[in-house]
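One structure is given below, encoded as structure tokens.
The values are calculated or read from the model by the stated rules, or taken from the named source; none is laboratory data. Everything quoted here is computed from the prediction, not taken from an experiment. Cβ placement follows ideal geometry from the backbone for every residue including glycine, while neighbour counts extend to all protein chains displayed. Ligands, DNA and RNA are excluded from the accessible area calculation, which covers all protein heavy atoms including side chains. Shrake-Rupley method; radii C 1.70, N 1.55, O 1.52, S 1.80 Å.
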Amino acid sequence: MKRALITGITGQDGSYLAEFLLSKNYKVFGLTRRTSTPNYERIKHIQDQIELIPGDLLDQQSLTSAISLSNPDEIYNLAAQSFVATSWSQPVLTGEFTALGTTRMLESMRQVKPDAKFYQASSSEMFGEVQETPQTEKTPFHPRSPYGVAKVYAHWITINYRESYDLFTVSGILFNHESPRRGLEFVTRKISHGVAKIHLGQQDSLILGNLDAKRDWGFSGDYVEAMWLMLQQSKPDDYVIATGENHSVQEFVEAAFKVVGITNWKKYVKTSKEFYRPAEVDFLIGDATKAKKALGWKPKVSFADLVKLMVEADIKLLQKNSQ
Ligand code: NAP
Ligand code: F7E
């Protein structure tokens, strides 16, 4: 039985990846940090099948212990301060978690389990102000937020440990991927949850920021498979994972209102400077040709299906909560 350690197991991707690896018959370990109230909402349905190990990206010893205890064949480093907007109000913490946290994980792996395979959660935010379209593994980076800058550091330190110590380390450059488990502050979930509330008469309006930003949105459940595939290759390499299609925030809004039969969405949507960013990433679209050829990966859930499944899941959730 293969063994995997997932950092960030309580997050969106961590929960889908844990499910996926269990379906492949892995023994799954997850790193969790201490909280004063439990935050196992996304993994409660599989909690009896996985083993949680306490630890924090800020604490080197706890990472070394987690790797030593789990003795993993594969390490998936998904933990990070992942919300771009927060990275301006907490830039140092974002650097500590998202950038240096990766070095700490790599260093602990090098010391304790150098033959493990390591996956780093790199991001399309590294492309920021895009230097070419569509973006590939070869597109130069120009990050536009402290988060993006931290991810560029983490990306290069992952490559550096591969080149310096001959470790099996890979970076997946994943474009935005969403699901009903997405945090409520990210724009897609904010919209699907807001539209569900408006539909149920629990909210009158939805206040958003820049409606013109365009993103290449896929489904998280599809993207965790790509992470696993990268670690099944004979050689470590980096891959872009994306749908190859992009849509504006406004298009997401329109599609979400359409799911509940509302066409005059402008009646409900307001914008506020509060949700604009100091430096915006206007336009992202990925080219996943390399992953398609080398990994045989392709996305399964379309944009329209993603919007529908998120809005419908939020309606169900709100109905359940109000019972
Ligand atoms: P998420 O839902 O925000 O989950 C982040 C996870 O990291 C949570 O489990 C969180 O734990 C954990 N974490 C944060 N700080 C930590 C610390 N100091 N020590 C230990 N654990 C810590 O993020 P996601 O959407 O699943 O994304 C997973 C990874 O992929 C992240 O690295 C993200 O930056 C990257 N990424 C995401 C996307 C996307 O579109 N989703 C695209 C590209 C890259 P708590 O539950 O305790 O907060
Ligand atoms: O913003 C615009 C906002 O916060 C998307 C993370 O998973 O994907 C994610 O980062 C766009 C931006 O995601 C609101 O200005 C408008 O242009 O959903 P988001 P993100 O910043 O793209 C990447 C790949 C990651 O790696 C990150 O970890 O939507 N927008 N109005 C808004 N955004 C938010 N959050 N809220 C609004 O009201």
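Scanning region 53-73 for residues that are surrounded by 16 or more Cβ atoms within 10 Å (Cβ to Cβ) and not in a helix (DSSP H, G or I) turns up 53, 55, 56, 57, 72, 73. Specify the residue that is farthest from residue 210 (Cα to Cα); the eligible residues are those in region 91-100 that are within 15 Å of ligand 2 (Cβ to nearest atom) and either aromatic (Phe, Trp, Tyr) or surrounded by fewer than 16 Cβ atoms within 10 Å (Cβ to Cβ) (or both). Ranking the qualifying residues of region 91-100, first place goes to 97.
In the condition set (1) touching a helix residue (DSSP H, G or I) at 6+ places or on another chain (Cβ under 7 Å); (2) part of a helix (DSSP H, G or I); (3) under 25 Å from residue 301 (Cβ atoms), residue 251 is compliant with all but (1). Residue 13 meets the conditions (1) open to solvent by 20 Å² or more (accessible area, probe 1.4 Å); (2) in contact with a Leu (Cβ under 8 Å, 6 or more places away or on another chain); (3) in a loop (DSSP other than H, G, I, E, B) in every case but one. The failed one is (3).
Run residue 130 past the list (1) among the hydrophobic types (A, V, I, L, M, F, W, C); (2) surrounded by fewer than 16 Cβ atoms within 10 Å (Cβ to Cβ); (3) within 28 Å of residue 244 (Cα to Cα) and report the number of the one that doesn't hold. All conditions are met except number (2). Has region 35-46 got at least one residue that is more than 16 Å from ligand 2 (Cβ to nearest atom), open to solvent by less than 20 Å² (accessible area, probe 1.4 Å) and within 14 Å of residue 77 (Cα to Cα)? Taking every residue of region 35-46 in turn, none turns out to be more than 16 Å from ligand 2 (Cβ to nearest atom), open to solvent by less than 20 Å² (accessible area, probe 1.4 Å) and within 14 Å of residue 77 (Cα to Cα). Scanning region 148-187 for residues that are open to solvent by less than 20 Å² (accessible area, probe 1.4 Å), part of a helix (DSSP H, G or I) and within 10 Å of ligand 2 (Cβ to nearest atom) yields 148, 151.
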